[in-house]
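The values are calculated or read from the model by the stated rules, or taken from the named source; none is laboratory data. Everything quoted here is computed from the prediction, not taken from an experiment. For neighbour counting, all protein chains shown are included, and Cβ atoms are generated from backbone atoms with ideal geometry for every residue, glycine included. We work out accessible area using only protein heavy atoms, side chains counted, and drop any ligands, DNA or RNA first. Shrake-Rupley method; radii C 1.70, N 1.55, O 1.52, S 1.80 Å.
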Amino acid sequence: MITKSHEDVTFDIINYLILTVFLLAVLYPLYFVAIASFSDPNMVNAGKVWLIPQGITFEGYQRILDDPQIWIGYRNSLFYTVFGTALNVVLTLTAAYALSRKDLDGRNIVMAMLVFTMLFGGGLIPRYLVVKNLKMLDTVWAMLIPNAVGVWNIIICRTFFQSTIPDEMLDAAMMDGCSSSRFFIRIVLPLSSALIAVMILFYGVSHWNAFFDALIFLRNQKLYPLQLILREILIENEVELQMMEDAETVAAQQRIAETIKYGVIMVASIPMLILYPFLQKYFVKGVMIGAIKG
Amino acid sequence: MRGVKEATLEIHFKKQYRLKRWKRMKGNYELYLFLLPTVVYFLIFHYGPMYGIQIAFKNFIAVEGIWGSPWVGIDHFQRFFNSFQFWTLLRNTLGLSVYGLAAGFPIPIILALLLNQLSSKKYKKIVQTVTYAPHFISTVVLVGTMFVFLSPRNGLVNHIIELFGGEPVFFMARPEWFQTLYVFSGIWQNAGWGTIIYLASLSGISPDLHEAAIMDGAGRIQRIWHIDLPGIMPTAVIILILNLGRIMGVGFEKAYLMQTALNLDSSEIIATYVYKVGLLNAQFSFSAAVGLFNAVVNLILLVSVNKIAKTIGETSLW
């Protein structure tokens with residue numbers, strides 16, 4: 001390599017500078033929530049916490065963990081995420097595999113039928129009426145069935161199968177009398193572990209973060225996913241009374257309400273924060289597979 | 001004579017072809033079983049609502065059902081177009097979308113070009129890991145964090161403003177702040193994630209091009225401008241088309257969560273209006289009409305933008 005020119009050095013400095021500013025702009029809010037969640041609420045509210053936690057206390061977390069609503073939300077979200085994702089992944093992989101087979105008559109019609117729903121839909125009210133007519137309102141089914149498959153994910157999987165499973169492999173297996181389902185289970189799935197991981201992650205995150213369907217389909221608080229409970233605490237300021245029944249004054253209640261918020265943000269994000277570093281490469285891979293077709 | 005012979009042959013081949021296809025379809029019955037649940041799901045949950053769209057042209061009465069409710073023609077559409085909210089809703093929806101696109105589209109491209117120039121692979125990795133992370137934060141948590149940070153009395157942002165001697169601002173109650181907060185929180189959350197696709201297409205650019213350019217004495221900025229940027233152009237155009245096609249489809253979730261009684265002037269968009277009028281006030285038919293208007297405009301936009309892209313450049317979605 002030739003020695004760096006004057007222009008190159010200037011460019012490098014500016015480049016590092018811009019990206020570092022961007023990095024800090026993304027990082028600081030996350031960091032602040034983390035330190036505020038176990039700092040003394042009075043210090044946080046007075047604006048004395050900037051870089052280092054002040055007056056460390058776990059009072060906020062204690063109150064959150066004692067709150068039954070949060071636990072119900074956690075349990076429900078976990079349930080919806082596990083079963084919803086399982087359903088999603090099974091349907092997506094089987095449908096995508098069938099659609100990837102060139103010898104399947106009518107696959108273009110089915111594909112067109114799926115893709116059209118990406119361009120046009122019935123809208124909120126007709127969708128609500130369908131779920132209502134199926135008597136799914138206010139049941140766990142409303143959290144699982146109306147989002148059983150995503151078109152975009154089918155396209156990703158189909159592209160993956162078409163580009164990684166050679167036709168010769170299928171021909172050879174067929175010659176030996178192997179059925180399609182057997183071929184799918186014994187050959188295709190083992191070759192697609194990265195894809196399956198990507199699908200579990202995409203669907204899993206969307207279930208964990210979903211709140212819209214719960215908002216329109218559920219009335220019963222016992223069925224609420226975590227996101228709806230978070231909304232009540234963070235946005236509608238409806239902190240559960242149990243969390244602060246011992247607080248005597250309004251000021252004390254307000255103080256607690258504010259501290260709890262930082263802790264609640266942490267508690268809600270912790271599963272993702274723990275898993276994210278391990279899963280990052282799969283997410284990126286998923287975007288890449290999707291981009292092939294583009 | 002020849003004509004008849006050809007015709008019989010044709011019929012014969014057609015028959016044989018049909019027979020072969022039938023045999024092939026029977027042999028593939030398992031694949032059809034694979035498809036069955038998904039097709040049924042789409043028929044019920046996607047084409048079912050499309051059937052239900054007819055209530056936009058009817059007065060929906062629950063006991064009569066979708067089919068039995070009486071037709072009213074385009075009454076609901078007329079009512080919507082003539083309502084005082086129509087222009088506000090349209091302006092808010094389009095404004096939010098265009099602002100989001102103008103600010104949100106170029107930033108990932110610039111970031112990707114800069115990241116691609118980083119000499120330290122380790123630092124690149126750190127920036128990527130950190131800036132991808134917010135993508136996985138839920139909308140509820142994101143908006144909740146905004147409320148906490150922007151609180152007029154206790155929020156971080158107002159503490160900073162006060163530190164510099166400014167007056168605290170109650171951001172979430174100010175209509176003039178709504179769009180900016182919406183757009184920039186979106187950039188904070190997704191700009192890093194948005195670079196992935198551009199970085200992938202940058203890595204596909206042949207290093208020969210860069211070597212040749214260096215030989216010719218091209219500097220870094222020149223190479224970004226003349227090699228990298230044209231290299232990712234097709235990807236950028238596709239993303240732009242996709243975004244333009246969604247310009248009327250501003251998502252419900254974030255706008256609804258960011259709404260307060262005081263910022264409604266700019267935060268009420270078509271999606272939130274449909275939800276409130278339809279589900280909270282139970283005006284099913286009127287709300288379905290508003291939703292249909294939105295969906296049709298969206299579809300027309302997507303198709304025409306794609307057509308324009310096809311005419312101007314070679315890139316298009318289909």
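Selection over region B:65-97 of residues that are open to solvent by 30 Å² or more (accessible area, probe 1.4 Å) and outside any helix (DSSP H, G or I) gives a count of 6.
Yes or no, residue by residue, for (1) open to solvent by 40 Å² or more (accessible area, probe 1.4 Å); (2) within 30 Å of A:LYS48 (Cα to Cα):
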position	(1), (2)
B:GLN179	yes, yes
B:GLY186	no, yes
B:GLY217	yes, no
B:TRP225	yes, no
B:ILE247	no, no
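Cβ-Cβ distances below 9 Å connect the following pairs, each with a first residue in region A:108-123 that is touching a residue at least 24 places away in the same chain (Cβ under 8 Å), a second residue that is surrounded by 19 or more Cβ atoms within 10 Å (Cβ to Cβ) and part of a loop (DSSP other than H, G, I, E, B), and a separation of six or more residues or different chains: A:LEU114/A:VAL149. Residues of region B:212-234 being out of contact with any helix residue (DSSP H, G or I) (no Cβ under 8 Å at 6 or more places or on another chain) and over 30 Å from A:LYS281 (Cα atoms), which ones? Within region B:212-234, B:ALA212, B:MET215, B:ASP216, B:GLY217 qualify. Suppose the filter is under 18 Å from A:VAL131 (Cβ atoms) and either surrounded by 10 or more Cβ atoms within 10 Å (Cβ to Cβ) or more than 40 Å from the chain's Cα centre (by Cα) (or both); does B:ALA7 pass it? The answer is no for B:ALA7. Cβ-Cβ distances below 7 Å connect the following pairs, each with a first residue in region B:194-213 that is in contact (Cβ under 8 Å) with a residue 12 or more places away in the chain, a second residue that is surrounded by 15 or more Cβ atoms within 10 Å (Cβ to Cβ) and charged (D, E, K, R), and a separation of six or more residues or different chains: B:LEU202/B:ASP228; B:ILE205/B:ASP228; B:HIS210/B:ARG223; B:ALA213/B:ARG223.
Can we say A:ARG231 is facing chain B (nearest Cβ under 10 Å), of a type in the set (D, E, K, R) and either under 30 Å from B:ALA289 (Cβ atoms) or within 25 Å of the chain's Cα centre (by Cα) (or both)?
Considered against the rule, which asks whether it is facing chain B (nearest Cβ under 10 Å), of a type in the set (D, E, K, R) and either under 30 Å from B:ALA289 (Cβ atoms) or within 25 Å of the chain's Cα centre (by Cα) (or both), A:ARG231 comes out as yes.
Among the residues of region B:118-131, those identified as outside any loop (DSSP other than H, G, I, E, B) and either within 7 Å of another protein chain (Cβ to nearest Cβ) or not β-branched (Val, Ile, Thr) (or both) are B:LYS121, B:LYS122, B:TYR123, B:LYS124, B:LYS125, B:VAL127, B:GLN128, B:THR129, B:VAL130, B:THR131. Please find, within region A:104-125, the residue that is least open to solvent (accessible area, probe 1.4 Å) out of those that are more than 26 Å from the chain's Cα centre (by Cα) and within 9 Å of another protein chain (Cβ to nearest Cβ). Across region A:104-125, the extreme among qualifying residues is A:LEU104. Could you check, for region A:95-103, whether at least one of its residues is open to solvent by 20 Å² or more (accessible area, probe 1.4 Å), outside the structural domain of A:ILE260 (by TED's automatic domain parsing), part of a helix (DSSP H, G or I) and of a type in the set (D, E, K, R)? Within region A:95-103, not a single residue is open to solvent by 20 Å² or more (accessible area, probe 1.4 Å), outside the structural domain of A:ILE260 (by TED's automatic domain parsing), part of a helix (DSSP H, G or I) and of a type in the set (D, E, K, R). Of A:ASN42, A:ASN76, all but one fail to be surrounded by 13 or more Cβ atoms within 10 Å (Cβ to Cβ) and within 12 Å of chain B (Cβ to nearest Cβ); the exception is A:ASN42.
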